[in-house]
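*Asks:* Please read through the structure below; I'll follow up with questions.
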């Protein structure tokens, strides 16, 4: 199924549509973020927009923070390579979690983000009362108004995996947002 001019034109009229869910031919959900994807990919180059394991937090996808718990790795993005390195650091863990739950035909219990330095990230830090430290590893659960913070000098794959596993095993104590 192609993504042609009509779908790109649809992007122009999506401002008033709250949700666009993209399904595969069998009726399985590909993405619940079709609206965001169409608006960010007007040429439809990424169609059908299979979810990426790790997203760079932006104004357009920040709405996903409200959908459930989200691991957010805050980095100092003044260095262009730092954001990409952070994505590569957490991507294997994200892929492992996603695959584990997909095998059980369940949605993954976490979304994974890397957040750089910008106004939206500053607002998120202010709203959740997070320190300005970078790197800063967090899990934010906006619906439960809870946060889990791991403030260490260096973030390694082992630290991220242990943090995620402890969260999933309900071993972490939440702090209020």
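The values are calculated or read from the model by the stated rules, or taken from the named source; none is laboratory data. Since the structure is predicted, the reported quantities are computational estimates derived from the model, not experimental observations. As a convention, Cβ positions derive from the backbone with ideal geometry for all residues, glycine included, and neighbour counts pool all protein chains shown.
*Asks:* Which one of these does residue 59 not meet: (1) within 20 Å of residue 118 (Cβ to Cβ); (2) touching a strand residue (DSSP E or B) at 6+ places or on another chain (Cβ under 6 Å); (3) not in a helix (DSSP H, G or I)?
*Replies:* For residue 59, the exception is condition (2).
*Asks:* Additional query: Considering only residues of region 97-113 that are assigned to a helix (DSSP H, G or I) and in contact (Cβ under 8 Å) with a residue 24 or more places away in the chain, which is surrounded by the fewest Cβ atoms within 10 Å (Cβ to Cβ)? Lay out the reasoning, then the answer.
*Replies:* Filtering region 97-113 for residues assigned to a helix (DSSP H, G or I) gives 97-103.
Add one more test, that the residue is in contact (Cβ under 8 Å) with a residue 24 or more places away in the chain, and what stays is 97-98.
On the way: 97: 20, 98: 18.
Only one residue fits best here, namely 98.
*Asks:* Looking at 65, 23 in this structure, which one is surrounded by 15 or more Cβ atoms within 10 Å (Cβ to Cβ) and either free of Cβ contacts under 8 Å to residues at least 40 places away in the same chain or closer than 25 Å to residue 160 by Cβ (or both)?
*Replies:* Numbers: 23 fails: surrounded by 15 or more Cβ atoms within 10 Å (Cβ to Cβ).
Going through 65, 23 in turn, just one is surrounded by 15 or more Cβ atoms within 10 Å (Cβ to Cβ) and either free of Cβ contacts under 8 Å to residues at least 40 places away in the same chain or closer than 25 Å to residue 160 by Cβ (or both): 65.
*Asks:* Given (1) assigned to a loop (DSSP other than H, G, I, E, B); (2) at pLDDT 95 or above, identify the lone condition not met by residue 155.
*Replies:* (2)
*Asks:* Next question, about the same structure. Which of the residues belonging to region 73-106 are in contact with a helix residue (DSSP H, G or I) (Cβ under 8 Å, 6 or more places away or on another chain) and either farther than 13 Å from residue 157 by Cα or at pLDDT below 90 (or both)?
*Replies:* 74, 75, 76, 77, 97
*Asks:* Exactly one condition in (1) within 20 Å of residue 90 (Cα to Cα); (2) in contact with a helix residue (DSSP H, G or I) (Cβ under 9 Å, 6 or more places away or on another chain); (3) surrounded by fewer than 14 Cβ atoms within 10 Å (Cβ to Cβ) is not met by residue 150; state its number.
*Replies:* Residue 150 satisfies all of (1) within 20 Å of residue 90 (Cα to Cα); (2) in contact with a helix residue (DSSP H, G or I) (Cβ under 9 Å, 6 or more places away or on another chain); (3) surrounded by fewer than 14 Cβ atoms within 10 Å (Cβ to Cβ) except (3).
*Asks:* Looking only at region 162-172, decide whether some residue is surrounded by fewer than 19 Cβ atoms within 10 Å (Cβ to Cβ), in contact with a strand residue (DSSP E or B) (Cβ under 6 Å, 6 or more places away or on another chain) and at pLDDT below 95.
*Replies:* No: zero hits.
*Asks:* Name the residue that is farthest from residue 144 (Cα to Cα), counting only residues in region 26-62 that are more than 11 Å from the chain's Cα centre (by Cα) and touching a residue at least 40 places away in the same chain (Cβ under 8 Å).
*Replies:* The selected residue is 44.
*Asks:* Same structure again: How many residues are assigned to a loop (DSSP other than H, G, I, E, B) and touching a strand residue (DSSP E or B) at 6+ places or on another chain (Cβ under 9 Å) when one looks only at region 76-96?
*Replies:* Initial filter on region 76-96 (assigned to a loop (DSSP other than H, G, I, E, B)): 76-79.
Those left that are additionally touching a strand residue (DSSP E or B) at 6+ places or on another chain (Cβ under 9 Å): 77.
Total meeting the criteria: 1.
*Asks:* State whether the residues of region 123-134 include one that is under 27 Å from residue 81 (Cα atoms) and within 14 Å of the chain's Cα centre (by Cα).
*Replies:* Looking for residues that are under 27 Å from residue 81 (Cα atoms) and within 14 Å of the chain's Cα centre (by Cα), one finds at least one in region 123-134, hence yes.
*Asks:* Another question about this same structure. Considering each of 121, 138 in turn, give the residue that is assigned to a strand (DSSP E or B) and either under 18 Å from residue 76 (Cα atoms) or touching a residue at least 24 places away in the same chain (Cβ under 8 Å) (or both). Steps first, please.
*Replies:* Working: 121 fails: assigned to a strand (DSSP E or B).
After ruling out the rest, the residue left standing is 138.
*Asks:* Can you tell me which residue among 130, 73 is assigned to a strand (DSSP E or B) and over 21 Å from residue 32 (Cα atoms)?
*Replies:* On the way: 130 fails: assigned to a strand (DSSP E or B).
None of the other options fit; the residue is 73.
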